[in-house]
Amino acid sequence: MNQRQRSLLTEIERDALDDTKSLSSVLLKCVALGECNGSTQLSELAAKELNGYDGTSGVTHIPAYRTVPAHIYVNGWQGPHRVYRQRVGPSQIPEFARESINEEIVLTNSVAEIENFAESARQAGGSVPFGIPGGVELARLIDYASGNQLQRIESLYWSVSEAALRGVLNQVRTTVANLVGQLQASLPDSPAVPTAAEGSHGVHVTVNGRGSNVSVSAAQSSGNARSTVNEQSADEGQFWTRTRLTGAFVVGLCTIVGTAAAVIPLFK
């Protein structure tokens, strides 16, 4: 029994360091190991990454590495002319919504979903769109504020790069690898699975930073560099001509934008 569980720990460490292995399968093994040795914190950590941080399971803290850069774009029409992937600056978002709608998003999705998003971004040429909460109503406000009756925004969305998505996955792998290293170090020379106390200590050191030098940052593409979306910015001043909004629209949208929602891609 002890030898089998020790082998599982070694297998987790090996797979965590192999980016060709599915991260979801690595986390499932972490759950299995945590349940075998009674370490609920170990299994809960892996379960959060597997299930996502959508707030339905009492999640109160989302790791910093799940906040990633995201530019804002619109698709629509300017009279008879099609507008596609035109960059929108934060200052062009209605003022009351800027705190919630900016150039960063928090990925609350499961690891499996993020893996799928990264693959979709690769196939699409480097990025994937994510819907903005209240985007339809915000688009109508922007159209109204422009004063141009020929302007019509069809979609308002974030664009997240493949590098940023894979950076999140790499940070999860790094966290798992450091955690497993702590558990391996706590094992005695004789074959035995780490106790629940040892497993919990490893979680505290690796994830919560107690006595650890593990650096948790925003998504990275390689090394320690922060991932960014390498997009060419369009002229932000040409698409809208007025910025003042009517009070009636503002009151109607405050509740929508202020409500937290899981990040959902516009299309796959």
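The values are calculated or read from the model by the stated rules, or taken from the named source; none is laboratory data. Only a predicted model underlies this, so the values are computations on that prediction, with no experimental measurement involved. Note that we place each Cβ from the backbone using ideal geometry, even for glycine, and neighbour counts take in every protein chain shown. Remember, those area values only see protein heavy atoms, side chains included, never the ligands or the DNA or RNA. Shrake-Rupley method; radii C 1.70, N 1.55, O 1.52, S 1.80 Å.
Among the residues of the range 14-37, those that are in contact (Cβ under 8 Å) with a residue 12 or more places away in the chain, of a type in the set (D, E, K, R) and either surrounded by 17 or more Cβ atoms within 10 Å (Cβ to Cβ) or more than 23 Å from Arg166 (Cβ to Cβ) (or both) comprise Asp15, Lys29.
Among the residues of the range 132-167, those that are open to solvent by less than 20 Å² (accessible area, probe 1.4 Å) and either among the hydroxyl-bearing types (Ser, Thr, Tyr) or within 23 Å of Glu49 (Cβ to Cβ) (or both) comprise Ser146, Tyr157, Trp158, Ser159, Val160, Ser161, Ala164, Leu165, Gly167. Within the range 29-52, restricting attention to residues that are assigned to a loop (DSSP other than H, G, I, E, B) and modelled with pLDDT under 90, which residue is nearest to Leu9 (Cα to Cα)? It comes out as Asn37. Considered as a group, the residues in the range 83-124 that are in contact with an Asp or Glu (Cβ under 9 Å, 6 or more places away or on another chain) and among the small types (Gly, Ala, Ser) include one that is surrounded by the fewest Cβ atoms within 10 Å (Cβ to Cβ), and that residue is Ser91.
Going through (1) farther than 26 Å from Asp143 by Cα; (2) touching a strand residue (DSSP E or B) at 6+ places or on another chain (Cβ under 8 Å) one by one, Pro63 falls short only on (2). Given the residues Glu95, Glu115, which is the only one that is touching a Leu at 6+ places or on another chain (Cβ under 9 Å) and at pLDDT below 90? Residue meeting the stated conditions: Glu95. Taking first residues from the range 114-139 that are in contact (Cβ under 8 Å) with a residue 12 or more places away in the chain and partners that are surrounded by 17 or more Cβ atoms within 10 Å (Cβ to Cβ) and of a type in the set (Lys, Arg), the Cβ contacts under 8 Å between residues at least 6 apart in sequence or on separate chains come to Ala118/Arg166. A single entry from Val83, Val74, Val68, Val88 fulfils the requirement of being in contact with a Gly (Cβ under 6 Å, 6 or more places away or on another chain) and touching a residue at least 40 places away in the same chain (Cβ under 8 Å): Val83.
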